[in-house]
Amino acid sequence: MERAAAFSRRFAAPFVWVVYAAMLCLMFRFVAVYGVNMPHGDEFEDTVPRIAGAVPVTLEWLWSPWNEHRILLPRLISLAVLGITGTDFKAMMFFNAGLLGAGCALLLLAAGRVRARLSAAKRGYRWSAADAFFPLVLLHTGHWDNLTSAFQIQFFSATFLIALLVFAALTGRVTKAEQISASYFTPLAVLFGLLALSGGSGLVFALPGSVALVVLGVVLLRQGGSKRAGWLAIGTGLLIGTVIALYFRGLHPESPGGLPVTVRTITHTALNYTAMGLGRGMMPVWDTHRTVRIVGMFLAVGGAVAAALLLARSGKEKRHGKFMAAAIVLIMGLLGVGIARVTPPGPYDAFMIMLIPAFTVLVTVSGLQTLADRTVSAETRIRLLWMGVLIAGALLAAVAVGKGRAPMGSGAGFAPRYCLLSAQLLVGVYFAALLQHKSDFVRRFVPIVLFALSAVLLPANRYDAKLLNDSKRRMLADYRDHARKGFSLEILTALGTPRMHPRANQVRSGIVVLRAHGFAPFARTPDAPGVRAVPVQDGTPRTTFPEISMTTPTRIPVAGAVGPVRAVVVGYADYAGHGLFANYEVVALRRIPGGYVEQGESRQIPNPDFGTVLLEPGGEIDAIEVRPVRDPAGGGPARIRVNQITLLQEYRP
């Protein structure tokens, strides 16, 4: 046993840092392959006008709300990075990935320092193989929606600040509660203040942090500790609280969706959000993959074996240790059974969304017992308190997402962009487990289980990233290539609405200011006054057509086309696509005696929820045909609805 422990100590550190380096390289490669230097969505409206100099940068704008966020710090970082790189949105993506990598390294250093304190040496750093959990859960490409969006700097900046906060809280010098110095509180107060300026993703952590600062300051003064440190903690805590109060003043976010909001829908959405901490690989859609079913069966069998071993080991502990071991391993085993499809998808859903909350409850209960134990050192209790603040902030974020996104349906909690923020709950749970003194089971087993889950779900998260982000990359790259070809402002505006931004005037103004700023893709974009947009009208309200048949082509007559058509923009909504394409193609047709002939090349419809397709018929057309195509994987076409057809015709003013 001693030789095995020595072997583990010797190779744990190389293993952890090799995994970190490998995951970091894979993440940067993913950004290099799938990132596209093209503004998208919110960037067209918020970032582009300021970075191009069309709209001045003012304090009023920096503090102005963006939906439910005030993103003062992320806006400053974005302006700085885009200004230095010459408005390179892909460089901003690399910067975001670099922040995430640096934050992960800080968490590894913090884990090494905590484990060293628990060892006989008490100095330096010591790692366990389970610490590879941090790169596996933070650096996997399942964060694709954030990694390929420059505007998501608010999530990355908040994650980096949280990592700095954890590092400062767990490595700062603390001996006795009454001997805490001002130098210990200062970095924590600064970091909580910066989190309050980082949008809602940081504010949820700043709120419990400000309360903890005030409480610790009061305790320090009452116990006769440093008055300077005590008043510093109280003053900064109240200052951060004031910033939080100002944050909500005049904030009136729009409520998306129209579904009724109840306690049940809020709870379900919040639980779905917490499940995203391990990535979208947790979703039941992976039940259909044979590899994951095999891994799931292995997990189920391994859970049963681990249950016997751990229950036997927990005999040295009090009864609550046995209960926690049985509860955790039972959930683990049922999770594996669910993935293996031994049980119906319904039970899998339940255990999937309850797994992380179960870990949180068990670690919290054990942590409260540790805090109540007077024999535990003040150092451990204070560090455990900060991990409690992190867990409280992560749970507050889950409640906020549950309330704010419940009108869109509980599935809104599964949004890929939430994976990064939801993972902070797991970070807090992991470190809180390491600091336990009342339960050896919690301290040893919880990190191992989190590491095992993150490793098991890594292939599913990588597959999810490739499957979903490939559509996004194709859409942005296709739009960039059309811009490089020198298509007119009118065509690019029609093509970019709504896939680049929901409003046509925002797409148009964004292209104009970027062209004036020298942004390469739009450098050759002409105004082309000789091209006009002609929306198709066929008697239905605003060019909305019935759903396309799953089996036969559907022809949509084009009324209003007079003369040659330079381009056709076809807008669509995809209702049930799961592949790289929606398995439909669209083509322009010209009527001839006896039938129709194709005019120009056909284009396959991408798979995003909505988008546009550009056709170049180069002549007169009479109809647009949407027809199913065979999926090499054997899947059927998605259900789509054509909701826009715009003809771009040449004319003389």
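Scanning region 120-139 for residues that are outside any helix (DSSP H, G or I), among the small types (G, A, S) and in contact with a helix residue (DSSP H, G or I) (Cβ under 9 Å, 6 or more places away or on another chain) returns G124, S128.
Number of residues in region 204-220 that are open to solvent by 10 Å² or more (accessible area, probe 1.4 Å) and more than 35 Å from the chain's Cα centre (by Cα) equals 2.
What do you reckon, is L147 touching a Lys or Arg at 6+ places or on another chain (Cβ under 9 Å) and aliphatic (A, V, I, L, M)? So L147 fails the test. Of the listed requirements (1) farther than 19 Å from D440 by Cα; (2) modelled with pLDDT of 85 or more, M387 misses just one: (1).
Condition check ((1) in contact with a helix residue (DSSP H, G or I) (Cβ under 9 Å, 6 or more places away or on another chain); (2) of a type in the set (S, T, N, Q); (3) without any contact (Cβ under 8 Å) to a residue 60 or more places away in the chain; (4) closer than 30 Å to G279 by Cα) across all residues:
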position: F445; (1), (2), (3), (4): yes, no, no, yes
position: V456; (1), (2), (3), (4): yes, no, no, yes
position: K485; (1), (2), (3), (4): no, no, yes, no
position: L495; (1), (2), (3), (4): yes, no, no, no
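Within region 74-116, the residues that satisfy the criterion of being out of contact with any helix residue (DSSP H, G or I) (no Cβ under 8 Å at 6 or more places or on another chain) and part of a helix (DSSP H, G or I) are A80, I84, G98, A116. The condition (being in contact (Cβ under 8 Å) with a residue 12 or more places away in the chain and either closer than 16 Å to A392 by Cβ or out of contact with any helix residue (DSSP H, G or I) (no Cβ under 9 Å at 6 or more places or on another chain) (or both)) is satisfied by just one residue among S201, S226: S201.
Screening region 151-175 for residues that are in contact with a Lys or Arg (Cβ under 8 Å, 6 or more places away or on another chain) and part of a helix (DSSP H, G or I) and picking the one that is modelled with the lowest pLDDT gives T171. With respect to (1) more than 24 Å from L161 (Cβ to Cβ); (2) open to solvent by 10 Å² or more (accessible area, probe 1.4 Å), the lone exception for Y418 is condition (1). Scanning region 111-148 for residues that are within 24 Å of T87 (Cα to Cα) and surrounded by 22 or more Cβ atoms within 10 Å (Cβ to Cβ) yields a total of 5.
In region 493-519, what residues are more than 26 Å from I84 (Cβ to Cβ) and touching a Leu at 6+ places or on another chain (Cβ under 7 Å)? Answer for region 493-519, where residues must be more than 26 Å from I84 (Cβ to Cβ) and touching a Leu at 6+ places or on another chain (Cβ under 7 Å): A494, L495, R508. Just one of the listed residues (G611, G634) is part of a strand (DSSP E or B), modelled with pLDDT under 80 and more than 16 Å from G563 (Cβ to Cβ), and it is G611. S198 meets each of the listed conditions (1) open to solvent by 30 Å² or more (accessible area, probe 1.4 Å); (2) assigned to a loop (DSSP other than H, G, I, E, B); (3) not aliphatic (A, V, I, L, M) apart from (1). Considering region 48-58 alone, what residues qualify as being touching a residue at least 60 places away in the same chain (Cβ under 8 Å), over 12 Å from Q506 (Cβ atoms) and crowded, with 19+ Cβ neighbours inside 10 Å? Scanning region 48-58 gives I51, A52. Please go through region 70-99 and give me each residue that is touching a Phe, Trp or Tyr at 6+ places or on another chain (Cβ under 9 Å) and farther than 14 Å from A150 by Cβ, ordered by number. The answer is R70, L72.
Annotation: of all residues in region 221-242 being surrounded by 18 or more Cβ atoms within 10 Å (Cβ to Cβ) and hydrophobic (A, V, I, L, M, F, W, C), the one that is farthest from G199 (Cα to Cα) is A229.
Taking the conditions exactly as written (in contact (Cβ under 8 Å) with a residue 60 or more places away in the chain, open to solvent by less than 30 Å² (accessible area, probe 1.4 Å) and within 19 Å of P253 (Cβ to Cβ)), does G402 satisfy them or not? Yes; evaluated as a whole, the condition is true for this residue.
For region 350-362, the criterion of being more than 23 Å from T159 (Cα to Cα), under 19 Å from the mean Cα position of the chain (by Cα) and either open to solvent by less than 40 Å² (accessible area, probe 1.4 Å) or of a type in the set (K, R) (or both) is met by at least one residue.
Taking region 586-607 only, how many residues are crowded, with 18+ Cβ neighbours inside 10 Å and part of a loop (DSSP other than H, G, I, E, B)? Number of matching residues: 3.
Meeting the requirement of 2 or more residues that are open to solvent by less than 10 Å² (accessible area, probe 1.4 Å) and out of contact with any Phe, Trp or Tyr (no Cβ under 9 Å at 6 or more places or on another chain), the helices (runs of 4 or more DSSP H) wholly within region 431-527 are 458-484, 489-495.
The values are calculated or read from the model by the stated rules, or taken from the named source; none is laboratory data. All figures in this text were calculated on a predicted structure; none of them were measured in a lab. When we count neighbours, we look across all protein chains shown, and the Cβ atoms used for this are built from the backbone with ideal geometry, even at glycine. Accessible surface areas use protein heavy atoms only, side chains included; no ligands, DNA or RNA. Shrake-Rupley method; radii C 1.70, N 1.55, O 1.52, S 1.80 Å.
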